[in-house]
Amino acid sequence: MKILHILNSDGVGGAEILLRRMIDSSQLESEVMLLWKHNNSQKGFWSGRNFRYITNSFFGLHALFFALFRLPAAIKSSNSDCIQSQLKGADIILSLLFLCKQVKKKGKYIVVIHNSYSFYYGGGIKNKLIGRVHQFLVNRYADEIVGVSRQDIDKFEKAFGRKYHVIENGIDFKNLAPKKHFNLEKNKLKIACVGNVKLRKGYDRLQELKKSIDKSKVLEGTVIELNIAGAIENEQLKSQVESLSGMYFKVNCLGKVKDVNSVLREADLFLSLSREEGLPISVLEANALRLPFLISDIPAHRLIVSPEIQNSVLFDDEAQLCTRLENVFESKELRKLIANQQFEQVRQRFDFDMMMEKYQGIYSRVDCL
């Protein structure tokens with residue numbers, strides 16, 4: 001059986017990282033088609049896998065035109081048994097080709113939803129209009145729709161009915177070396193953040209966090225170093241957060257890193273300031289390394305955190321984050337409790353092999369169509 005994966009672009013985010021891991025671990029033949037190029041690409045990311053570009057242009061009318069006209073022939077030459085599209089642009093383009101009969105639908109068509117209902121169908125007028133088109137087309141042509149998070153299940157089920165299933169993202173624990181010691185270097189706290197530098201990831205909140213830390217008696221004289229691993233999508237925001245660096249508060253934008261786990265292993269704490277997520281794979285990766293963590297109280301985060309520690313790790317605003325930071329800084333036992341409790345939660349619920357079994361179950365039903 002051959003699975004054809006169609007992606008918006010060669011940009012690298014959680015969806016692409018997860019897909020590459022799935023392809024590498026599966027016994028099924030896979031091919032990846034990238035509709036256009038993206039500024040947030042990572043050299044060699046798809047090397048060694050069966051992939052091709054539909055166009056070498058960056059997104060725009062030119063790239064969209066070529067994607068629509070070149071994709072049908074590319075799909076026909078692929079001779080796949082099953083097509084799986086990731087992200088809204090690829091879903092819409094492929095469905096439009098089905099609608100216009102430019103691509104003959106055979107086998108199974110699977111759509112993977114990687115974010116919240118509001119991200120796909122809410123917000124401004126433009127996003128809502130595109131969302132209506134997406135929902136109509138996907139409902140008409142997709143055989144199965146997979147959500148990677150339990151977030152907004154009721155809304156997605158109302159939109160897609162029995163086609164909609166949740167298969168939560170999984171973490172591969174193989175070759176990981178979870179943290180064993182939770183001591184801190186005297187008067188120093190190293191924090192890791194993972195995610196592209198853009199407003200949706202909440203890095204602008206660091207300014208208010210620094211103000212709260214400056215007033216803290218507990219953290220007075222403590223050097224707090226934040227290392228941000230992720231592509232720079234907003235240069236102005238990068239400059240803004242880097243300008244916060246001083247004697248006791250340091251911010252380092254590392255850009256893209258080949259080995260995120262190395263950044264996490266060197267840290268004392270993981271921090272996510274995100275305003276919106278689908279299922280935050282970077283948080284789960286930190287959890288799998290048994291790294292203490294603090295994360296914003298948004299639906300996607302609350303859904304993945306063990307109830308026993310939610311009041312210790314979730315925060316509403318920067319002042320509350322500072323209080324949580326003081327607590328974990330002062331108490332080694334709290335750091336151990338947070339890390340161990342969430343490690344067990346991730347190991348039992350977000351296992352990669354368990355996730356792959358569920359996808360294999362979907363692929364195996366292709367012959368039933």
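Remarks
- The C-beta contact set for the stretch 196-225 (first residue closer than 18 Å to Asp316 by Cβ and in contact (Cβ under 8 Å) with a residue 24 or more places away in the chain, second residue open to solvent by 30 Å² or more (accessible area, probe 1.4 Å) and among the hydrophobic types (A, V, I, L, M, F, W, C), distance under 7 angstrom, 6+ apart or interchain) comprises Ser212/Ala319.
- Scanning the stretch 311-348 for residues that are open to solvent by less than 50 Å² (accessible area, probe 1.4 Å) and closer than 30 Å to Ile145 by Cβ returns Leu314, Gln342, Gln345, Val346.
- Pair list, Cβ under 7 Å, 6 or more apart: the stretch 156-181 residue at negative phi and of a type in the set (D, E, K, R), other residue open to solvent by less than 30 Å² (accessible area, probe 1.4 Å) and part of a loop (DSSP other than H, G, I, E, B): Lys163/Ala142; Glu168/Val148; Glu168/Ser149; Glu168/Leu279; Glu168/Phe350; Lys179/Leu289; Lys179/Leu291
- Tally of residues being touching a helix residue (DSSP H, G or I) at 6+ places or on another chain (Cβ under 9 Å) and acidic (Asp, Glu) across the stretch 183-219: 2
- Residue within the stretch 133-156 that is in contact with a Pro (Cβ under 8 Å, 6 or more places away or on another chain) and surrounded by fewer than 21 Cβ atoms within 10 Å (Cβ to Cβ) present: no
- Counting the residues of the stretch 276-291 that are part of a loop (DSSP other than H, G, I, E, B) and under 20 Å from Asn175 (Cα atoms) gives 3.
- Once the stretch 1-55 is narrowed to residues that are assigned to a strand (DSSP E or B) and among the aliphatic types (A, V, I, L, M), the residue that is surrounded by the most Cβ atoms within 10 Å (Cβ to Cβ) is Leu35.
- If the condition is being farther than 23 Å from Asn115 by Cβ and touching a residue at least 40 places away in the same chain (Cβ under 8 Å), then the stretch 10-61 contributes Ser25, Ser26, Leu28, Glu31, Tyr53.
- Qualifying residue in the stretch 258-274 (condition: at pLDDT below 95, out of contact with any helix residue (DSSP H, G or I) (no Cβ under 9 Å at 6 or more places or on another chain) and more than 30 Å from Glu168 (Cβ to Cβ)): no
- Candidates Tyr120, Tyr109: the one that is over 22 Å from Ile3 (Cβ atoms), touching a strand residue (DSSP E or B) at 6+ places or on another chain (Cβ under 9 Å) and surrounded by 22 or more Cβ atoms within 10 Å (Cβ to Cβ) is Tyr120.
- Flag for Ser77 being in contact with a helix residue (DSSP H, G or I) (Cβ under 9 Å, 6 or more places away or on another chain) and either part of a helix (DSSP H, G or I) or open to solvent by less than 10 Å² (accessible area, probe 1.4 Å) (or both): no
- The residues in the stretch 260-275 that are surrounded by fewer than 19 Cβ atoms within 10 Å (Cβ to Cβ) and either touching a Lys or Arg at 6+ places or on another chain (Cβ under 9 Å) or assigned to a strand (DSSP E or B) (or both) can be counted, and the count is 3.
- For the residues Ser282, Ser243, the requirement of being among the polar types (S, T, N, Q) and buried (at least 22 other Cβ atoms within 10 Å of the Cβ) singles out Ser282.
The values are calculated or read from the model by the stated rules, or taken from the named source; none is laboratory data. Here the structure is a predicted model, which means the values were calculated and not measured. For neighbour counting, all protein chains shown are included, and Cβ atoms are generated from backbone atoms with ideal geometry for every residue, glycine included. Surface areas here come from the heavy atoms of the whole protein model, side chains and all, with no ligands, DNA or RNA. Shrake-Rupley method; radii C 1.70, N 1.55, O 1.52, S 1.80 Å.
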